[in-house]
1. Does Ala133 fit the bill of being under 16 Å from the mean Cα position of the chain (by Cα) and within 19 Å of Leu275 (Cα to Cα)?
2. Output the number of residues of the range 219-240 satisfying the condition of being under 20 Å from the mean Cα position of the chain (by Cα) and without any contact (Cβ under 8 Å) to a residue 24 or more places away in the chain.
3. Of Pro160, Pro212, which residue is modelled with pLDDT of 95 or more, out of contact with any helix residue (DSSP H, G or I) (no Cβ under 8 Å at 6 or more places or on another chain) and surrounded by fewer than 20 Cβ atoms within 10 Å (Cβ to Cβ)?
Amino acid sequence: MRFPGLAMLLLAGAAQAQVTKTTTMVTVPNCGAASAASEVDVYRPTGVGPFPLVSVGHGFQNSKDNYAGLAQALGAAGIVVVVPQFPSLLSACGADHARNARVMIAAMDQQITAGGIDTTKLGFAGHSAGGLAAFLAAAQRPVAAVVLYDPVENSNLGTPVASTVASPTLFLFAEPATCNSQGNAVPWFTAMPGPKARLKVVNANHCDPQEPISGICTFGCGGAAATSTVRSAIFKRYAVDFFERYLLGQTMPCLEATAQTDATAGTITAVDFRLGGCGAVDAGVDAGVPVDAGTPVDAGLMTDAGPTVDAGVDAGQPIDAGTVDDAGIAGTDAGITAPADAGEVADAGANPVAPPTGCGCSVSDAWGLLSLAPLLLVRARRRARSAGW
């Protein structure tokens with residue numbers, strides 16, 4: 001809906017706020033002596049506040065316009081959103097990720113100075129290289145929440161600061177591919193000390209987090225046919241719910257329960273939530289994660305699967321290899337708590353490029369292969385007999 005004289009976006013729903021979009025400018029020190037100026041879109045709910053505030057970083061050589069969907073949704077929830085346009089690759093300092101982090105912080109500070117902002121409820125979000133900028137910004141400015149859309153590491157900038165980012169952070173990954181450097185930001189999750197969560201949207205393209213999805217992104221990432229507005233909606237839903245949880249105190253529906261439902265439906269995988277749950281109501285979903293991770297019985301199952309001595313016996317024993325208690329419990333556990341149980345092997349953080357550790361595989365995949373071992377052994381013996389061996 002358009003109103004004369006104003007760039008106004010009205011989102012439907014009685015519980016949603018009207019959102020006004022305006023444009024401003026910020027200037028930050030560049031990599032050299034010159035300064036860098038950036039245009040910033042500001043999405044602000046009607047009212048006087050104080051409002052939470054989120055600064056969003058766009059992907060490499062893409063546009064702030066491609067995150068209008070996320071900005072509008074957060075604005076309708078009652079959160080001020082700033083989306084700066086980073087200087088182009090042809091600018092004085094090119095793709096300077098540290099400068100882009102400064103741009104995100106400057107856009108945030110400008111709104112704080114303008115007033116009506118709750119400075120205890122700030123957040124960063126970013127996609128691709130913008131995810132790197134958001135992560136670098138969070139290392140400098142502790143905030144209440146961070147959401148990273150398929151972030152990409154570059155020049156080893158994010159990994160060294162990961163241990164300093166203690167803000168609750170949600171990683172939303174696409175499938176490992178060339179455009180996200182085979183998911184090379186997974187080690188950030190492993191190294192972070194604070195509350196964190198991660199998941200992968202099944203079959204997601206690197207461009208899917210955008211709304212609207214840009215032609216520039218799809219040109220190098222499989223084309224428009226490889227993207228999906230359905231998957232875009234999944235990325236946005238988790239991002240909005242996460243910010244509503246940490247900036248607005250809305251814990252229901254609980255993210256952990258939503259992730260469990262989506263994982264069962266097959267729309268997400270590689271799920272690992274370490275946020276502490278949503279309280280007593282959700283105690284059976286997420287609050288059990290730390291207990292389960294250290295349960296002696298569960299640890300015994302994982303030990304039984306791994307030792308070399310036991311592997312020689314189990315491989316020839318269909319009863320043990322296919323035991324429901326052994327494979328079933330571990331498989332169920334891998335759905336939500338796999339990396340906590342498996343010691344990050346399933347997390348793909350050690351070597352995200354070389355399969356299988358770099359493919360984003362989960363522990364449930366490994367148990368599935370183990371359960372096929374007896375069948376493969378029987379087939380091998382039959383082939384040997386028929387060949388006269």
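The values are calculated or read from the model by the stated rules, or taken from the named source; none is laboratory data. It should be emphasised that the depicted structure is a prediction, and the values quoted were computed from it without experimental measurement. As a convention, Cβ positions derive from the backbone with ideal geometry for all residues, glycine included, and neighbour counts pool all protein chains shown.
1. On the way: under 16 Å from the mean Cα position of the chain (by Cα): yes; within 19 Å of Leu275 (Cα to Cα): no.
No; evaluated as a whole, the condition is false for this residue.
2. Of the residues in the range 219-240, 6 are under 20 Å from the mean Cα position of the chain (by Cα) and without any contact (Cβ under 8 Å) to a residue 24 or more places away in the chain.
3. The conditions single out Pro160.
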